[in-house]
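Right, one structure below, let's go through it.
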Amino acid sequence: MHKQDIQLVRITSDDVELLLRLSRQTFSETFSPVNTPENMQHYLDTSLTTEQLRKEINHPDSLFYFAMRAGSAVGYLKVNFGTAQTELQDPGGMEIERIYVLKEFHGEKIGQLLFNKAMEIAREQKVDYIWLGVWEKNVKALGFYEKNGFVRFGTHAFKLGKDEQTDLMMKLTIKEDV
Ligand SMILES: CC(C)(COP(=O)(O)OP(=O)(O)OC[C@H]1O[C@@H](n2cnc3c(N)ncnc32)[C@H](O)[C@@H]1OP(=O)(O)O)[C@@H](O)C(=O)NCCC(=O)NCCS
């Protein structure tokens, strides 16, 4: 597949049901194999609902993009600024809260295109750094972020249903273009 087969499209509140389906599918594909069905269900019921996603899309400090391939959404990106950031909330920072690609399309550089979009936004918004939290057991995502230059700077606790998990906090300093 060629990069030009993928279009990145800004998500609006009209797309909430499509985003909901894609979010639920990618979350399940990523985390079901290593979490209990009860803890998964709890997250889906509380965090991945139409109402919650509509609120997130409409937040003035968040941006969402779909990766579209042949008219289908195959991945998405969510970034946060200012008070939309889930932690730190530093005006000089931007959080990548979610980059998800359907399992079927992993390894085809779609994650990279979404990440490149995040970098473009960070430069446009003139933030000093990008940060994110990633589950310590999500080896695939850790490898992807390390490959893209992120370094670990801390940890934070995250609760999936009843399971206390540890996220690694990672950061990438944005250098000025020369
Ligand atoms: C992480 C994820 C977004 C990567 O997307 P992808 O489309 O599969 O990755 P790409 O094909 O764009 O890979 C981009 C680059 O990262 C590298 N990469 C990808 N996975 C990697 C890994 N596990 N370890 C090291 N490098 C990796 C690729 O080799 C590629 O580098 P190259 O251009 O030098 O070959 C994707 O695997 C995914 O959606 N995972 C499930 C959801 C998830 O865990 N999201 C993060 C939650 S915090």
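No value in this document is a laboratory result; all are computed from the given coordinates. Here the structure is a predicted model, which means the values were calculated and not measured. Heads up, the Cβs are rebuilt from the backbone with ideal geometry, glycines too, and the neighbour counts pull from every protein chain shown.
Per DSSP H run of n ≥ 4, the term is -39500 (n - 2.57); total these for the chain, divide by its residue number, and report the mean residue ellipticity at 222 nm rounded to 500 deg cm²/dmol.
On the way: 5 runs with 59 residues, N = 178.
Rounded to the nearest 500, the figure is -10000 deg cm²/dmol.
Hey, if you put +1 on the Cβ of every Lys and Arg and -1 on every Asp and Glu Cβ in the range 3-173, which of G149, L88, M170 ends up farthest toward the positive end of that dipole?
With unit charges placed on the Cβ atoms, the residue in question is G149.
Within a 10 angstrom radius of the beta carbon, how do F64, F153, F144 rank from fewest other beta carbons to most? All intermediate terms of the calculation are to be shown ahead of the outcome.
Details: F64 22, F153 11, F144 18.
Taking fewest neighbouring Cβ atoms as first place, the list is F153, F144, F64.
Using a 7 Å offset from the Cα along the Cα-to-Cβ direction at both N116 and E29, what is the distance between the two label points in nm, to one decimal?
Computed distance between label sites N116 and E29 equals 2.1 nm.
Can you figure out the FRET efficiency of D5 with K162, using R₀ = 45 Å and their beta-carbon distance, to the nearest 0.05?
Working: r = 42 Å, r/R0 = 0.92.
For R0 = 45 Å, the calculated efficiency reads 0.60.
I need the helices of the chain that pass two filters: whole DSSP H segments spanning 18 Å or more by Cα along the axis, and mean Kyte-Doolittle score no lower than -1.0. All intermediate terms of the calculation are to be shown ahead of the outcome.
Details: long enough: 16-31 (22 Å, 0.16); 110-124 (21 Å, 0.14).
Flagged H segments are 16-31, 110-124.
Please give the charge dipole size of the chain, origin at the Cα centre, charges +1 on K and R Cβ atoms and -1 on D and E Cβ atoms. Round to the nearest 20 debye.
Values: 22 positive and 26 negative charges, 80 e Å.
The dipole of the chain has a size of about 380 debye.
Using the Cα atoms of the chain to build a convex hull, what is its mean projected area in square nanometres? Write out the running numbers ahead of the final one.
Details: hull surface 41.1 nm².
Mean shadow area of the hull around the Cα atoms is 10.3 nm².
Relative contact order for the range 3-173: what is it in percent, counting Cα pairs under 8 Å that are at least 6 residues apart?
Details: 274 pairs, mean separation 34.7, N = 171.
Over the range 3-173, the number comes to 20 percent.
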